[in-house]
Amino acid sequence: MPAVDAARAAPSAFFIGLMSGTSLDGVDGVVLHLPAQGRPQVVAHAACTLPPALRDELLALNAAGADELHRSAVAAQRLAALYADVVAELLQRSGLRAADVAAIGAHGQTVRHRPDLGYTVQLGAPALLAERSGIAVVADFRSRDVAAGGQGAPLVPAFHRAVFAVADTDVAVLNLGGFANLSLLCADGRTLGFDTGPGNVLLDHWAQRHTGQRFDAAGAWGAGGTVLPDLLGAMLADGYFQRPPPKSTGRDAFHPRWLDRLLAAAAPDAAPQDVQATLAALTAQSVADALRRTLPTVQRLVVCGGGARNVDVLRRLQAALPGVECSLSDAQGIPAEQVEAAAFAWLAQRALHGLPGNLPAVTGAAGPRVLGAIYPA
């Protein structure tokens with residue numbers, strides 16, 4: 001009997017997770033089987049790229065502009081329609097019906113993240129997604145943690161412990177999305193985590209500006225450049241990198257204007273390819289520095305997220321962490337691009353069962369909180 005058919009007796013075991021990250025490259029979705037015992041298992045995966053016009057609008061909404069309320073509402077509806085298409089594809093690929101899925105965990109698209117001001121904004125029109133899919137939707141995961149004084153991010157460390165922890169071993173999990181975050185799965189049972197800084201966000205921006213491509217495939221362009229020490233030092237001097245956890249960041253802090261300002265001061269005549277190499281070094285070095293400060297006894301680093309396919313960044317990261325075993329999450333049974341979507345499926349299950357989804361030691365919230373607003377089918 002197929003695994004899906006065998007598990008249908010417990011329909012609440014199936015959840016869908018949807019993720020569109022700060023890289024703005026597309027939507028990833030998974031069907032996650034959550035058995036009563038044992039580790040979660042991805043049953044199906046589907047993805048789609050963001051249409052250029054929607055991508056441009058979501059990027060523009062990260063900054064102040066005219067008629068933002070209307071534009072945000074329209075963009076959220078368009079994103080929900082894409083989400084619904086991914087859900088339909090997931091149901092077809094898994095052989096499941098909408099009635100077999102307990103809920104969809106839809107992260108939404110972050111357009112503002114200001115926990116210092118007490119808010120975070122993710123667009124997504126979850127009511128429309130529930131209407132289109134016929135499945136309950138859990139959304140707005142981050143705002144309750146922020147309301148409790150937390151950073152609202154990262155929210156994936158608890159899921160990382162559930163799937164990647166190894167007994168008696170200090171393990172770190174690195175999610176390389178638009179921004180990079182670390183989950184520290186300590187051998188003594190503690191789970192910590194925080195954003196380390198830019199992941200793909202500046203790399204993608206610079207590649208698109210100078211090559212016309214949405215990203216530097218496998219990091220090949222950056223690999224051919226030379227790191228600019230003055231520029232790298234100026235970037236690493238940003239106060240965010242020295243700030244102790246809990247902390248999170250986003251496009252509000254690291255954006256093209258930030259890069260252009262440092263370029264003008266430290267390397268005004270730099271060749272574009274050398275800047276790309278330096279941005280790759282920034283991602284790798286900021287992660288390595290943070291890991292050495294917070295978990296110097298780390299033995300294993302598991303890398304996930306779309307940036308896990310950037311061979312140049314991974315090479316630089318391994319060179320900066322000699323003695324640490326670095327591998328992709330693929331080797332642990334979940335391909336790198338699917339981990340974050342799976343995490344929000346897992347968080348949706350927590351919400352439906354009234355269980356907390358945050359870790360106060362990670363986000364700095366006043367205590368454990370049930371995360372997400374539920375939109376019934």
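The values are calculated or read from the model by the stated rules, or taken from the named source; none is laboratory data. Fair warning: this is a prediction, and the values are worked out from it, not measured in the lab. No Cβ is skipped: glycine too gets one built from the backbone with ideal geometry, and neighbour counts run over all protein chains shown. SASA here: full protein model, heavy atoms, side chains in, ligands and nucleic acids out. Shrake-Rupley method; radii C 1.70, N 1.55, O 1.52, S 1.80 Å.
Any residue at all in the range 217-230 that's closer than 22 Å to THR283 by Cα, touching a residue at least 40 places away in the same chain (Cβ under 8 Å) and open to solvent by less than 10 Å² (accessible area, probe 1.4 Å)?
Checked the range 217-230: at least one residue is closer than 22 Å to THR283 by Cα, touching a residue at least 40 places away in the same chain (Cβ under 8 Å) and open to solvent by less than 10 Å² (accessible area, probe 1.4 Å).
Mind listing just one residue for me: the one in the range 158-172 that is out of contact with any Phe, Trp or Tyr (no Cβ under 9 Å at 6 or more places or on another chain) and touching a residue at least 60 places away in the same chain (Cβ under 8 Å) and, of those, most open to solvent (accessible area, probe 1.4 Å)? Please lay out each step first, then the result.
Looking only at the range 158-172, we keep the residues that are out of contact with any Phe, Trp or Tyr (no Cβ under 9 Å at 6 or more places or on another chain), and these are 160-161, 164-170, 172.
Subsequent filtering for residues that are touching a residue at least 60 places away in the same chain (Cβ under 8 Å) retains 160, 164, 166, 169-170, 172.
Values: HIS160: 3, PHE164: 6, VAL166: 50, THR169: 24, ASP170: 23, ALA172: 0 Å².
It comes out as VAL166.
Among the residues of the range 41-51, write down those that are open to solvent by 50 Å² or more (accessible area, probe 1.4 Å), of a type outside the set (Val, Ile, Thr) and either in a loop (DSSP other than H, G, I, E, B) or free of Cβ contacts under 8 Å to residues at least 40 places away in the same chain (or both).
PRO51
Results for (1) under 19 Å from ALA153 (Cβ atoms); (2) small (Gly, Ala, Ser); (3) over 18 Å from the mean Cα position of the chain (by Cα); (4) not in a loop (DSSP other than H, G, I, E, B), shown as yes or no for each residue.
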residue	(1), (2), (3), (4)
ASP274	no, no, yes, yes
ALA281	no, yes, yes, yes
VAL303	yes, no, no, yes
GLN318	no, no, yes, yes
PHE344	yes, no, no, yes
PRO356	yes, no, yes, no
ARG369	yes, no, yes, no
ILE374	no, no, yes, yes
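Could you identify the single residue in LEU18, LEU24, LEU69, LEU54 that is more than 19 Å from VAL101 (Cβ to Cβ), open to solvent by less than 50 Å² (accessible area, probe 1.4 Å) and modelled with pLDDT of 95 or more?
Numbers: LEU18 fails: more than 19 Å from VAL101 (Cβ to Cβ); LEU24 fails: modelled with pLDDT of 95 or more; LEU69 fails: open to solvent by less than 50 Å² (accessible area, probe 1.4 Å).
Result: LEU54 is the single residue among LEU18, LEU24, LEU69, LEU54 that is more than 19 Å from VAL101 (Cβ to Cβ), open to solvent by less than 50 Å² (accessible area, probe 1.4 Å) and modelled with pLDDT of 95 or more.
Filter the range 179-202 down to the residues that are in a strand (DSSP E or B) and not hydrophobic (A, V, I, L, M, F, W, C), then identify the one that is farthest from LEU279 (Cα to Cα). Outline the logic, then answer.
Of the range 179-202, the ones in a strand (DSSP E or B) are 179-185, 191-198.
If we keep only those that are not hydrophobic (A, V, I, L, M, F, W, C) as well, we get 181, 183, 191, 193, 195-198.
Values: ASN181: 16, SER183: 22, THR191: 29, GLY193: 23, ASP195: 17, THR196: 14, GLY197: 11, PRO198: 9 Å.
Filtering the range 179-202 for residues that are in a strand (DSSP E or B) and not hydrophobic (A, V, I, L, M, F, W, C), the one farthest from LEU279 (Cα to Cα) comes out as THR191.
Select from the range 96-136 the residues that are free of Cβ contacts under 8 Å to residues at least 12 places away in the same chain and closer than 13 Å to VAL31 by Cβ and list them in ascending order.
ARG97, the sole residue that qualifies.
Looking at ASP238, ASP274, can you tell me which residue is in contact with a Gly (Cβ under 6 Å, 6 or more places away or on another chain), at pLDDT 95 or above and surrounded by 12 or more Cβ atoms within 10 Å (Cβ to Cβ)? Let's see the steps before the verdict.
On the way: ASP238 fails: in contact with a Gly (Cβ under 6 Å, 6 or more places away or on another chain).
Within the list ASP238, ASP274, the selection yields ASP274.
Can you pull out every residue in the range 166-187 that is of a type outside the set (A, V, I, L, M, F, W, C) and within 18 Å of LEU359 (Cβ to Cβ)? Steps first, answer last, please.
Within the range 166-187, the subset of a type outside the set (A, V, I, L, M, F, W, C) is 168-170, 175, 177-178, 181, 183.
Matches in the range 166-187: ASP170, ASN175, ASN181, SER183.
Quickly run through the range 201-216 and pick out the residues that are β-branched (Val, Ile, Thr) and either farther than 13 Å from ASN310 by Cα or open to solvent by 50 Å² or more (accessible area, probe 1.4 Å) (or both). Write out each step before concluding.
Filtering the range 201-216 for residues β-branched (Val, Ile, Thr) gives 201, 211.
Result: THR211, single match.
Identify, from the list ALA264, ALA253, ALA270, the residue that is without any contact (Cβ under 8 Å) to a residue 24 or more places away in the chain and not in a helix (DSSP H, G or I). Lay out the reasoning, then the answer.
On the way: ALA264 fails: not in a helix (DSSP H, G or I); ALA270 fails: without any contact (Cβ under 8 Å) to a residue 24 or more places away in the chain.
Residue meeting the stated conditions: ALA253.
If GLY38 meets every condition in (1) in contact (Cβ under 8 Å) with a residue 12 or more places away in the chain; (2) surrounded by fewer than 21 Cβ atoms within 10 Å (Cβ to Cβ) apart from one, which number is that one?
(1)
Working only within the range 212-240, note down all residues that are among the hydrophobic types (A, V, I, L, M, F, W, C), outside any helix (DSSP H, G or I), touching a Ser or Thr at 6+ places or on another chain (Cβ under 9 Å) and closer than 19 Å to ALA266 by Cα. So that I can check it myself, show each step before the final result.
Pass one, the range 212-240, residues among the hydrophobic types (A, V, I, L, M, F, W, C): 215, 217-218, 220-221, 223, 227-228, 231-232, 234-237.
Okay, now just the ones that are also outside any helix (DSSP H, G or I), so 215, 227-228, 237.
Among the residues that remain, those that are also touching a Ser or Thr at 6+ places or on another chain (Cβ under 9 Å) are: 215, 227-228.
Within the range 212-240, VAL227, LEU228 meet the criteria.
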